[in-house]
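Since the structure comes first, as structure tokens, the remarks are kept for the end.
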């Protein structure tokens, strides 16, 4: 999705997604993360940072949109200067060394990418993760029918929802956790390196 769109929606984004329950699902995804270094790719306004920093979890947010990076930086600095940071970069070229983070998190970004871009992003996420990747993304669940139209409308999915096979191809073992959320489109996934 074009950066112009994200720049336009940045001022109201956090409030809008909160109304749909998005923050509650994001928080649930990382509720048990303690004593870890976390990278959130496609962090937007960095909603996850507040709860993670309150638990003394190391936080780095990454987003390619300058308006979102500005909002996220302001928010992270407000929750404790020097405790977290936000960098401007693309998820397909993460500017960190291999194994830099205990947990890499993506919520709602992978579906916005084309399948080739998503493959690059997943490889990069696996590369910088020491152990685990957590997703709240449009997922093709093995036990349910595909919902391509609903995925495009609700999650703005460009090509198709993410399949667990895509995670396996980058060297991850993945498990879908809990029921599908938000019109049956988004699922929580935990993936570990093999």
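The values are calculated or read from the model by the stated rules, or taken from the named source; none is laboratory data. Note that the structure is predicted; figures quoted are calculated from it, not measured. Cβ placement follows ideal geometry from the backbone for every residue including glycine, while neighbour counts extend to all protein chains displayed.
Please identify the pairs in which a residue from region 124-142 that is in contact (Cβ under 8 Å) with a residue 24 or more places away in the chain and at positive phi has its Cβ atom under 9 Å from the Cβ atom of a residue that is in a strand (DSSP E or B) and surrounded by 17 or more Cβ atoms within 10 Å (Cβ to Cβ), counting only partners at least 6 apart or on another chain.
From residues that are in contact (Cβ under 8 Å) with a residue 24 or more places away in the chain and at positive phi, there are no pairs.
Given the options 60, 38, 33, name the one that is assigned to a loop (DSSP other than H, G, I, E, B), modelled with pLDDT of 85 or more and either in contact with a strand residue (DSSP E or B) (Cβ under 8 Å, 6 or more places away or on another chain) or surrounded by 13 or more Cβ atoms within 10 Å (Cβ to Cβ) (or both).
Checking each option against the conditions leaves just 33.
Which ranges mark the strands (runs of 3 or more DSSP E) fully within region 83-194 that have 3 or more residues being closer than 24 Å to residue 68 by Cα, modelled with pLDDT of 90 or more and touching a strand residue (DSSP E or B) at 6+ places or on another chain (Cβ under 8 Å)? Please lay out each step first, then the result.
On the way: elements: 84-88, 101-107, 129-140, 172-181, 186-193.
Strands (runs of 3 or more DSSP E) meeting the threshold: 84-88, 101-107, 129-140.
State whether one or more residues within region 63-75 are within 23 Å of residue 98 (Cα to Cα), outside any helix (DSSP H, G or I) and either at pLDDT 95 or above or in contact with a strand residue (DSSP E or B) (Cβ under 7 Å, 6 or more places away or on another chain) (or both).
Looking for residues that are within 23 Å of residue 98 (Cα to Cα), outside any helix (DSSP H, G or I) and either at pLDDT 95 or above or in contact with a strand residue (DSSP E or B) (Cβ under 7 Å, 6 or more places away or on another chain) (or both), one finds at least one in region 63-75, hence yes.
Search region 91-112 for residues that are at positive phi and pair each with any residue that is surrounded by fewer than 22 Cβ atoms within 10 Å (Cβ to Cβ) when their beta-carbon atoms are under 6 Å apart and the residues are at least 6 apart or on different chains.
So the pair list comes out as 99/130.
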